[in-house]
Amino acid sequence: MALLRVHHIGIAVEKLEEALKFFSELLGLEVAKTVTVEDQDMRAAWLRLGDIWLELMEPLSPEGPVGRFLAKRGEGIHHVAVLVDDIEAVCERLREAGIRLVYEQPRKGYDGSLYNFVHPKAAHGVLLELRQEPGS
């Protein structure tokens, strides 16, 4: 069981198109893909920055996770995602240590990855996404 590297930084934005004007047009980061993630009630654009991705997340409604985050905290860093080699083992180790996870079991992402979140109260104020790539 190992943490491998930072995979991406999730950034909550009010309006995706306005955020893309800054990150893509002004900073020159290329948009690799834009996806709608229904189960997270958001639309996201993925931009590569070296070995790390930026995930710009726009809520589809105020009731979803990103919508609630924006209402409470405003735009900004929402989460940091790290790749793990065995998400089940990492989650079990954290549960055994009394660490609060957002989901009881890892969920499958739109791209086939598995993910779970460590609650920010357990991770010193950081919403930490644990992510295992498909096929690993």
Which ³J(HN,Hα) values in Hz, rounded to whole numbers, follow from the phi angles of region 35-44 under the Karplus curve 6.51 cos²θ - 1.76 cosθ + 1.60, where θ = phi - 60° and Gly and Pro get x? 9, 9, 10, 4, 5, 10, 6, 8, 10, 9
Just to check I understand the Karplus step: with θ = phi - 60° and J = 6.51 cos²θ - 1.76 cosθ + 1.60, what whole-Hz values come out for region 102-107, glycine and proline as x? 6, 10, 4, 10, x, 9
For Gly64, what is the net charge nearby, where nearby means another residue's Cβ is under 12 Å from its Cβ and Lys, Arg count +1, Asp, Glu -1? -3
Identify, among His8, Ser136, Cys91, the residue whose Cα sits farthest towards the positive end of the charge dipole of the chain, taking +1 on the Cβ of Lys and Arg and -1 on the Cβ of Asp and Glu, with the dipole about the Cα centre. Cys91
Approximate shape of region 44-113 as ellipsoid semi-axes (Cα gyration tensor, √5λ), whole Å, largest first: 24, 18, 12
In region 30-136, the trypsin sites (Lys or Arg not before Pro) that fall in loop regions by DSSP, at most 12 other Cβ within 10 Å: Lys121
Nearest 10, in degrees from 0 to 90: the angle of helix 87-96 to the longest Cα principal axis of the chain is 60 degrees
May I ask for the equivalent-ellipsoid semi-axes of region 65-105, computed as the square root of five times each C-alpha gyration tensor eigenvalue and listed largest first in whole Å? 26, 12, 8
List the residues, sorted by chain then number, that are 5 or more residues from Trp53 or on another chain and whose placed amide H is less than 5 Å from its amide H. His8, Ile9
Give the accessible surface of the chain per residue, rounded to a whole number of Å², with probe radius 1.4 Å and ligands, DNA and RNA excluded. 56 Å²
Enumerate by residue number the GluC sites (Glu not before Pro) in region 2-43 meeting two conditions: DSSP loop (anything except H, G, I, E, B), and at most 11 other Cβ atoms within 10 Å of the site's Cβ. Glu30
Amide H partners (placed H, <5 Å) of Val37, local residues excluded: Met42, Arg43, Ala44
Measure of compaction for the chain (Cα Rg per 2.2 N^0.38 Å): 1.04
Given 15 as the ceiling on other Cβ atoms within 10 Å, longest exposed-site-free region of the chain for chymotrypsin sites (Phe, Trp or Tyr not before Pro) in DSSP loops: 1-102
Beta bridge orientation in the chain: antiparallel %, DSSP, nearest 5: 75 percent
Subtracting the Cα-Cα distance from 0.36 nm times the residue separation, let me have the gained length for Ile52 to Phe22 in nm, one decimal. 9.0 nm
State the percentage of accessible surface on the chain attributable to carbon and sulfur atoms; use a 1.4 Å probe and exclude ligands, DNA and RNA. 53 percent
How far apart, in nm, are two points set 7 Å out from the Cα along the Cα-to-Cβ line at Leu4 and at Tyr110? 2.1 nm
Magnitude of the charge dipole, region 45-122, Cβ model with Lys/Arg +1 and Asp/Glu -1, debye to 20: 360 debye
Net dipole in debye of the chain [+1 Lys, Arg Cβ; -1 Asp, Glu Cβ; about Cα centre; nearest 20]: 360 debye
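The values are calculated or read from the model by the stated rules, or taken from the named source; none is laboratory data. Everything numeric in this text was worked out from a predicted model, so none of it was measured. Note that we place each Cβ from the backbone using ideal geometry, even for glycine, and neighbour counts take in every protein chain shown. Just the protein is used for accessible areas: all its heavy atoms, side chains included, with ligands, DNA and RNA removed. Shrake-Rupley method; radii C 1.70, N 1.55, O 1.52, S 1.80 Å.
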